Amino acid sequence: MSATNLPGTGPGTVYLVGAGPGDPDLLTVKAQRLLQQCDALVYDSLVPREVLALVPDTAETHFVGKRRGHHSVPQPSTNAVLVELAGRCRCVVRLKGGDPFVFGRGGEEAAHLERQGVPVQVVPGVTAGIAAPAYLGIPVTHRRAGSSVTFVTGHEEIDKARPGVDWRGLARSSDGLVIYMGLHNLPHICEELIAGGLDPSTPAAAVQQGTVRGQRWVIAELAQLAVEVCRAELASPSIVVIGEVVNQRVASCAPEPAAVEMPIPF
Ligand code: SAH
């Protein structure tokens, strides 16, 4: 327990903090400040060591993500850890890759904490769906090539009680698509988009480990994307971008990926 813990003085605050997509330079100033002053850290996969190293030695740390070959910690256990820590620590950082409210269960955790009477604050982060394309120089919207963009999960088994994504509908309704967790279902997704009316020659890109050392990508027409991704052996975590915005790529504006490793749990 650290010197700043306040045992028995009622709940501290849990900060749901976005760690950004990997490059530590993309942490927000607020995330950095909270990491440097927290009493406890609860984190999952896809956060580089360099970011975790900001936490003081005195803070207690809890890993609740997925380890290679193991299941992730069940959500109720994570919720319980957060409530328990808030009972005895002043500042608890719940760190999540990218933005905590973008496909990260941040909303569920915030609601649980609120129900338990634990003060909770969200600190938005730079989401991978914007940063990974940007590190190739691809803008996710463009005045002439993309007035709308949809962030969508390609991992349809997250919650079987929910209807699957209506890919054919999206083909008609959104200029651009940014797909998280989409690699596994990519052949199906591309087929459905084409069946929904998207031109098979629509430009598309897939970016693995955007913003960090393992960054690799392919750019291909929609009809060829799944094959090219397979040929290049791209793996999770990857972001897929589909739409005319891919043709608006300005390669020279793409930053160098950071020289840090992304811990990959898969
Ligand atoms: N909250 C996160 C997303 C969590 S879901 C965010 O806002 O970015 C996890 C998925 O995010 C991965 O399967 C992958 O699709 C995407 N992802 C996260 N980090 C990534 C990175 N550095 N490069 C490419 N995709 C990434």
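Placing +1 on each Lys and Arg Cβ and -1 on each Asp and Glu Cβ, with no other charges, gives the range 48-153 a dipole about its Cα centre of roughly 300 debye.
When the solvent-accessible area of the range 10-83 is split by element, carbon and sulfur atoms take up 51 percent of it, the probe being 1.4 Å. Taking every DSSP bridge with both residues inside the range 129-249, close to 75 percent are antiparallel. Taking every protein chain into account, the 1.4 Å probe leaves VAL29 with about 120 Å² of accessible area, to the nearest ten.
For the range 130-266, take the convex hull of the Cα atoms, compute a quarter of its surface area, and give me that in nm², please.
Computed as one quarter of the Cα hull surface, the answer is 8.1 nm².
Using Cα pairs under 8 angstrom and six or more residues apart, how large is the relative contact order of the range 129-249, in percent? Before the final figure, lay out each step's value.
Working: 246 pairs, mean separation 40.0, N = 121.
Averaging sequence separation for qualifying contacts and normalising by length gives 33 percent for the range 129-249.
Per-residue ellipticity at 222 nm computed for the chain from its helices equals -7000 deg cm²/dmol, with DSSP H segments shorter than 4 residues left out and the rest contributing -39,500 (n - 2.57).
Evaluate E = 1/(1 + (r/R0)^6) for SER201 and ALA232, where r is the Cβ-Cβ distance and R0 equals 22 Å; express this FRET efficiency to the nearest 0.05. The formula returns an efficiency of 0.65 here. Projecting the Cα atoms of GLN248, GLY106, ALA31 onto the dipole axis of the chain, where Lys and Arg carry +1 and Asp and Glu carry -1 at the beta carbon, places ALA31 farthest toward the positive end.
The GLN121 and LYS66 beta-carbon pair, evaluated with R₀ = 22 Å, returns a calculated FRET efficiency of approximately 0.30. Calculated accessible area for the chain comes out at 48 Å² per residue, all protein chains present (probe 1.4 Å; ligands, DNA, RNA ignored). Taking amide H as placed 1.01 Å from N in the peptide plane, VAL17 has its amide H under 5 Å from the amide H of ARG94, LEU95, LYS96, VAL123, each at least 5 places away in sequence or on another chain. Entry note, the range 13-126: relative contact order of 44 percent, from Cα contacts under 8 Å with a spacing of 6+ residues.
Largest first, the extents of the alpha carbon coordinates of the chain on the three principal axes equal 62, 42, 38 Å. In percent, rounded to a whole number, the relative contact order of the chain is 23, using alpha-carbon pairs under 8 Å and six or more apart. Accessible area of SER77 (1.4 Å probe, protein heavy atoms only, ligands and nucleic acids ignored): about 50 Å². The charge dipole of the chain, taken about its Cα centre with unit charges on the Cβ of Lys, Arg, Asp and Glu (plus for the first two, minus for the last two), comes to roughly 320 debye. Among the GluC sites (Glu not before Pro) found in the range 231-266, those both in a DSSP coil and sparsely packed, with 12 or fewer other Cβ atoms within 10 Å of their Cβ, are GLU233. THR28 to ARG49: FRET efficiency via 1/(1 + (r/R0)^6), r the Cβ-Cβ distance, R0 22 Å, to the nearest 0.05? The computed FRET efficiency comes out at 0.70. Cα centroids of the range 101-123 and the range 19-81: 15 Å apart.
The values are calculated or read from the model by the stated rules, or taken from the named source; none is laboratory data. Since the structure is predicted, the reported quantities are computational estimates derived from the model, not experimental observations. Glycine also receives a Cβ, built like all others from the backbone with ideal geometry; neighbour counts cover every protein chain displayed. The accessibility values were calculated without ligands, DNA or RNA, using every heavy atom of the protein model including side chains. Shrake-Rupley method; radii C 1.70, N 1.55, O 1.52, S 1.80 Å.
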